[in-house]
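In what follows, a structure is listed as C-alpha cells, so that the remarks can point back to it.
The values are calculated or read from the model by the stated rules, or taken from the named source; none is laboratory data. It should be emphasised that the depicted structure is a prediction, and the values quoted were computed from it without experimental measurement. Ideal geometry is used to build each Cβ from the backbone, glycine not excepted, and the neighbour counts take in all protein chains shown. Accessible surface areas use protein heavy atoms only, side chains included; no ligands, DNA or RNA. Shrake-Rupley method; radii C 1.70, N 1.55, O 1.52, S 1.80 Å.
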Amino acid sequence: MESRKRRKKRSKNHPSKFKIRVRYKYHYYRWINTQDYGSFKDIYEKYKDKGYSFWCVPKGDSVFTNPGIESMGEQIDSIVSANGNYELPSRYFERDYTGDLVVVKPFLLPETRLTPEHPVLSCESKPQKSKWYEPQTRPSLRKTWKPARELTEKDWVFFPLFKGSREGDPELLYLLGLYMAEGYPTGNQVYFALGHTERQLAEHILRMAEKHWNVKGTINRHRSGLLVRFSKSSLADFMRTEFGSRAVSKKIPSWILEQRDPQPFLEGWLKGDGFKRGNTWRLTTSSKTAAYQALLMGSRLGILPAIYEDDRKERGMFQGRKVNAKPSYEIRFHKDGGKYSNKESHVVKTDNGFWVKINRIEREKFSGKVCNMETPSNTYLLSFIVHNCADLPPEYSSQDGTWTGYRLDGDKTHTESTLKRYGRHKAWIDSSYKFEGKPVILVYNAG
C-alpha cells in the first residue's frame, strides 16, 4: 500500500492536477487529466498572457484584392485566396503590437512584413545532384504551414495561379492597353499622349475608338509630342472610374484582370510603356497598384513577372521645370526559352501556381497597429499566401454535443463578448490539442 506522503509527492510532480469527466461526440463521456479547471473567466485571466501571439500584418501594408491591391485595416470587399479566386472576408481584427516583425523578400516578388508567429504556406528545398554542374535546389512540393520566424532562405513560398474566365474583343483590349499606358481624362475629354514619330499609331487609335466607342477624335501637335483627343463626357467618366485619373493611381479594372487571355491588353500596354527584347517584356509604371496587378495578369499567361522598385526622392527636370520624381516600378516578363528566363532555382511553375524561393529574411522593430482577417479558405494573398486569423470562438453544437475551444490570442473585442457569454461556464486546459500541427493553449467549455 502506497503511503500518503509518497502519493502526495507524486501528485505534485504530475503535470495534471485534475481528473474530470467531459462530454465529447455523440454524448460520449470520458475521463481526462487536465492542468487546470474552473470557470472560463478564471481560466482566461490566469492564462491570457501565456498564449501564442495573434497572427497579424502591419496596418497599411498591401494585400491582393478585387480589382488590385488595398491596405490592411481598410474595409476590404474581396481578397485573392490560395485557390486563385476571390473570396469575401467575414471578420476583421486589429490590435496594438510592439515587437519584432519578420520581413520576407522572395525572388521576383515584393517584400512582406509579418508578426513572427504568422503561418506562411511554404515548402522546403530539395537538392538536385548533378555530375556535371553545381548542385541546384528545387522545391520539395510538400506543403506546410510554417511560422514566419522559422522561415529560412532555403524555403519556398507560394503565389497562386489567378483564375479568369471572361472573353473580350482582342482589338478593344489592345486599345484599352494603350490607354493604360498613354491615356488620361481631363474634364469631359480623353487624351492619348504620344511621341512626335507615332503618327501612324495615333491614326490607328482614332479608327479603333470610332469602331468600339462610337466617337470621333482629333490629332493635335504639342511641343512634347502628339495628343489624340476625344470629347465625350460619358467616356471620360467611365475611364476616370475604371482606370483612375492620375498616373500614380492608375489601376486595371477587374473585368480586364479576369480575361481568359489578357495578352492583347498587355500588348497595348507594352506598346506605350514598355518594349520587347527577345523573349523578355519590360513595362514601366508609376502606379504601385498596376505593378501588383501585372503579377496576376502574368500568372494567367503562365509567367510570374519580376517587380523592381526605383524609389527616387530627388528632384528632376522636365521641360525646363523642376519636378519631384515619383517612385517607378519596372515589371519584367521573362518568357521560357529566353536568355533571361526565370531560373528554376528561383521560381518553379505548377498546375496551381508558382513556388518562389526566398531571397532574404530580415527583422525590424515595430510599434503600431497590426491587422488580420477571417476568410472562407483560411488563406489570403500578400505577396505570397499566408494563413488567416487564428481565433476560435467557443460554440456549442447540438448536433453532436461538442464544445469548440477558445484561443488565448483572440482580439480584445471578441474576448469581451466571449467572456460575457461564457464567463460562468466550467472550463479546462487541453494541452494536447494541436492547431495546424502546432501545440496551442486552448480553454474548453465544460458545458
Percent carbon-and-sulfur accessible area, segment 117-248, ignoring ligands, DNA and RNA, probe 1.4 Å: 48 percent
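Just to confirm the filter: which trypsin sites (Lys or Arg not before Pro) across segment 215-254 are DSSP coil and have at most 14 other Cβ within 10 angstrom of their Cβ? Could you put the intermediate results ahead of the total?
On the way: sites: Lys216, Arg221, Arg223, Arg229, Lys232, Arg240, Arg246, Lys250, Lys251; in loops: Lys216, Arg223, Lys232, Arg246, Lys250, Lys251.
In loop regions of segment 215-254 (DSSP not H, G, I, E or B), the sparsely surrounded trypsin sites (Lys or Arg not before Pro) are Lys216, Arg223, Arg246.
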Compactness of segment 145-233 - radius of gyration and Dmax, Cα, Å: 20.8, 60
Given Lys19/Lys426; Lys143/Lys365; Lys105/Lys154; Lys59/Lys365, the pairs whose alpha carbons are separated by over 18 Å: Lys143/Lys365
Glu362 - accessible surface, heavy atoms, 1.4 Å probe, Å² rounded to 10: 80 Å²
